[in-house]
1. Limited to the stretch 184-197, what total is found for residues that are at pLDDT 95 or above, among the charged types (D, E, K, R) and in a strand (DSSP E or B)?
2. Only residues that are within 21 Å of Asp68 (Cβ to Cβ) and of a type outside the set (Val, Ile, Thr): list them for the stretch 118-151, please.
3. Hey, can you tell me all the residues within the stretch 91-119 that are surrounded by 20 or more Cβ atoms within 10 Å (Cβ to Cβ) and out of contact with any Cys (no Cβ under 9 Å at 6 or more places or on another chain)?
4. Mind counting the residues in the stretch 139-183 that are under 15 Å from Ala119 (Cα atoms), of a type in the set (Val, Ile, Thr) and at pLDDT 95 or above?
5. Could you identify the single residue in Gly131, Gly153 that is crowded, with 17+ Cβ neighbours inside 10 Å and of a type outside the set (Lys, Arg)?
6. Out of the residues in the stretch 87-142 that are more than 17 Å from the chain's Cα centre (by Cα) and of a type in the set (Gly, Ala, Ser), state the one that is nearest to Phe49 (Cα to Cα).
Amino acid sequence: MPQSRRRGRTRRGVFAGVLAAGLAVAGLLLVALSQGALAASFAVSGTSFKISADRLEGTGFVQFGGADGGPEGSHPVATSAFRTVVIDNFCQSVTLRSLPVVGDVTLRIASPGEEGMVANDIVLGVERLSGDLTLVNPQIGVDAGQVSKGPPGVVGLPGGFAQQADAATIVGMRQTAWSATAYTLRLKNSLLTLHDGGGECY
C-alpha cells in the first residue's frame, strides 16, 4: 500500500451495512466481474457465508450497490472489488442447514498467520461488514458507471452511487457475503474442517 501519500485519507470506526443504504467497505473472498445490476454472473445459493481476518490490505478499491440473484430471489449487496488483496489470519465458514441424517454442519477453511490469503481482481457481494477502515485518496459519490480504480471492467449502473480509493485497510474484519470470485486466489497452509453445529469464524 502507498505510505507516502497521506492526503485524502479518512478513518472510520466500527461500520456495517450495504452501500445502497449508506456506506460500507469491501471485504473478502470472490465474485464474477460485474457490468450491471447483478454482482454475480452466476446464480447464488440460498446460503450466505462469513469471513473474518485480523487485517486486510487492498489496492484499487471500488464499491457500489448491486444484487445477487438466486433460486429464492435477489439479495441486495454492496458490490465490492479490489485489484489486489492481502489478508492476515483468514477464515471463511458456511453453515449447511438440516442435512439428511447429520443435521446442521459448518464447513470452515482457515489460513492462519500473515498473508494467509492473497488474491488478484477480487469482486464480492457483501451483505454486512464491520471493522476499522482506512481509505487512501477516497472518492465518495462517484458515478457507479464511471469508477476506474478497481479491477478492469468492474463498474456499476450509470448514475448510481459509488465510492473508490487507491487503497484500503480493514483491521478486525467481520463480513457476511453471498458471493465471491477472483482472477487468482492463494491460501497459505489452509485447513478445511467440518463441525457439527458451531465452528463459525465468528
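The values are calculated or read from the model by the stated rules, or taken from the named source; none is laboratory data. All figures in this text were calculated on a predicted structure; none of them were measured in a lab. Methodologically, a virtual Cβ is constructed for each residue, glycine included, from the backbone with ideal geometry; neighbour enumeration extends over all protein chains shown.
1. 1
2. Looking only at the stretch 118-151, we keep the residues that are within 21 Å of Asp68 (Cβ to Cβ), and these are 119, 121-130, 144-145, 147, 150-151.
Result: Ala119, Asp121, Leu124, Gly125, Glu127, Arg128, Leu129, Ser130, Ala144, Gly145, Gly150, Pro151.
3. Those that are surrounded by 20 or more Cβ atoms within 10 Å (Cβ to Cβ) and out of contact with any Cys (no Cβ under 9 Å at 6 or more places or on another chain): Met117, Ala119.
4. 1
5. Values: Gly153 fails: crowded, with 17+ Cβ neighbours inside 10 Å.
Exactly one residue qualifies, and that residue is Gly131.
6. Top of the filtered list is Ser98.
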